[in-house]
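Worksheet for the structure shown next.
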Amino acid sequence: MQKDPNKGYIALLGWSLNAIEAAENFDRRYIVVAPDWAEEYCQKHDIPYVPWNFERLNDRSMEIAETLKEKGVDVAIPLFEETVEWAGAINSVLLDNPRLYGQSLLLRDKALMKRRAQLGGIRVGIFEEAHDKEDVIRFLKRVNQTLLKLDGDPNDPIHLKAFDKAGCLGHRVIRTPDEVDTIPEEEFPVLMESHLDGWEFAVEAWIHDGKIAFLNISEYVTLGYSVFVPASPELEKYRAQITAQIEKLIKAFDIEFGLIHPEYFVTSDGEMYFGEVAYRPPGFKVFELLERVYGFNAYQASMLVFDPKSTKEEVAEFFPKEIVDADGFAGCFGVYPRRRVVSRLEIPEETEDHPYFESHELTPPLEETVTKRTAFGTHWGLIYFKGDDAHTIRDLLKRQEDLDFYV
């Protein structure tokens with residue numbers, strides 16, 4: 001698409017072909033910031049590119065900000081968890097706003113994030129940092145003591161998470177002191193949280209000028225396995241409350257622009273608890289699912305709200321109306337082999353013949369032994385569905401958990 005020089009010039013931090021394709025077909029100039037291995041591909045396909053390895057932030061990190069500033073770039077967009085603080089560091093230079101770097105650290109470190117949310121009057125569970133196994137055992141006992149458990153009652157579980165990994169990576173559930181022994185030393189320090197009972201869901205909210213421009217609620221069928229958009233009427237009935245929560249979050253974290261992807265729990269009595277928030281696109285191809293039902297490109301949406309030169313009118317015109325403009329429901333299921341030894345890929349007939357089945361991106365197995373699953377989310381590929389009824393798609397996604405795709 002023809003680029004408009006009066007609109008923002010945008011740096012994409014990280015390598016995503018879907019984001020590049022979206023940028024190609026959008027009216028803003030863009031440049032990809034990615035590791036050296038992307039260079040050859042970019043040259044071959046005429047993709048504007050600057051090499052950068054996103055190792056830990058170091059003394060040279062100013063270099064990339066200066067390079068982009070010299071090129072006339074207006075803003076940087078993080079595409080992955082690992083590039084969030086880079087975007088903060090770069091944008092604090094490009095937009096001459098030093099607070100953006102501090103904000104990005106809050107959005108990266110799960111412990112700082114929970115504290116900030118708490119200060120903003122947002123409900124969170126009990127949480128603490130653990131530096132060793134003794135800390136975990138102490139926390140497990142204390143949480144269960146708080147819940148007035150008697151000897152012999154089953155413990156309420158606690159959750160352990162890495163401070164700064166995306167999604168479900170490094171996520172463990174601990175129920176007994178014996179299970180603490182299975183945690184490798186190198187995983188410490190970790191964040192510990194009490195278990196929140198309730199319905200977990202995610203939100204994707206595009207923010208412009210400190211206001212919500214578009215808010216989607218993503219419904220998890222089973223965390224780490226399946227999700228669909230928009231949410232079912234049962235979850236959508238909380239939209240007004242969820243919107244109020246997101247507005248609180250925007251205020252607590254001082255967010256003026258960008259895309260946020262928080263996770264929440266809603267309890268049976270309608271209370272909302274904050275889980276965490278990410279300042280990057282969600283996993284599980286939710287952007288692609290949104291495009292299937294709403295017709296807008298979510299990467300372009302992000303470029304629009306990040307761009308300091310975008311106008312309110314342009315933003316309002318770009319986004320469809322939530323729910324009203326949705327054409328059905330789209331969902332996907334992450335396949336993980338259920339057997340320890342597999343030899344071939346075989347899509348179950350009932351999946352392939354279902355009217356809601358659209359496509360899959362599963363590949364034949366490279367090796368026969370299935371490695372043990374260390375975290376949620378390490379699926380072997382996704383299957384996509386789309387249809388008119390939320391309950392049908394929900395039951396269909398649930399049903400996939402009982403099927404074998406690798407035999």
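The values are calculated or read from the model by the stated rules, or taken from the named source; none is laboratory data. Here the structure is a predicted model, which means the values were calculated and not measured. Positions of Cβ are generated from backbone atoms using ideal geometry, with glycine treated the same way; all protein chains shown enter the neighbour counts. Heads up: the accessible areas ignore ligands, DNA and RNA and are worked out on the full protein's heavy atoms, side chains in. Shrake-Rupley method; radii C 1.70, N 1.55, O 1.52, S 1.80 Å.
Quick notes
- Flag if Glu317 is in a helix (DSSP H, G or I) and out of contact with any Ser or Thr (no Cβ under 7 Å at 6 or more places or on another chain): yes
- Annotation for region 153-172: no member residue is farther than 18 Å from Ile31 by Cβ and in a helix (DSSP H, G or I).
- Pair list, Cβ under 7 Å, 6 or more apart: region 270-296 residue more than 19 Å from Leu223 (Cα to Cα), other residue of a type in the set (Val, Ile, Thr) and assigned to a strand (DSSP E or B): Tyr279/Ile260; Val293/Val229
- The listed residue being closer than 20 Å to Ile122 by Cα, part of a helix (DSSP H, G or I) and touching a residue at least 12 places away in the same chain (Cβ under 8 Å), out of Ile242, Ile207: Ile242
- Of all residues in region 256-288, those being within 23 Å of Thr83 (Cα to Cα) and not in a strand (DSSP E or B) number 12.
- First in region 345-362 and aliphatic (A, V, I, L, M), second anywhere and open to solvent by 50 Å² or more (accessible area, probe 1.4 Å) and in a loop (DSSP other than H, G, I, E, B), Cβ under 8 Å, 6 or more apart: Leu345/Thr363; Leu345/Pro364; Leu362/Trp380
- Among the residues of region 103-126, those identified as open to solvent by 40 Å² or more (accessible area, probe 1.4 Å), of a type outside the set (Lys, Arg) and either assigned to a helix (DSSP H, G or I) or closer than 25 Å to Asn144 by Cα (or both) are Leu105, Leu112, Gln118, Leu119, Gly121, Ile126.
- Within region 148-167, if we keep just the residues that are on the phi > 0 side of the Ramachandran plot and modelled with pLDDT of 80 or more, the residue that is most open to solvent (accessible area, probe 1.4 Å) turns out to be Leu148.
- Condition met for Ala213 (free of Cβ contacts under 8 Å to residues at least 24 places away in the same chain, over 30 Å from Gln400 (Cα atoms), open to solvent by 10 Å² or more (accessible area, probe 1.4 Å) and not hydroxyl-bearing (Ser, Thr, Tyr)): no
- Residues (part of a helix (DSSP H, G or I) and within 27 Å of the chain's Cα centre (by Cα)) located in region 320-355: Thr351
- Test: residue in region 375-387 that is within 25 Å of the chain's Cα centre (by Cα), β-branched (Val, Ile, Thr), open to solvent by 40 Å² or more (accessible area, probe 1.4 Å) and on the phi < 0 side of the Ramachandran plot: yes
- Residue in region 93-112 that is small (Gly, Ala, Ser) and touching a helix residue (DSSP H, G or I) at 6+ places or on another chain (Cβ under 9 Å) present: yes
- Residues of region 388-402 that are open to solvent by less than 20 Å² (accessible area, probe 1.4 Å) and either over 24 Å from the mean Cα position of the chain (by Cα) or over 18 Å from Val286 (Cα atoms) (or both): Gln400 alone.
- Subset of region 293-309 (residues that are crowded, with 21+ Cβ neighbours inside 10 Å and part of a loop (DSSP other than H, G, I, E, B)): Asn297, Asp307
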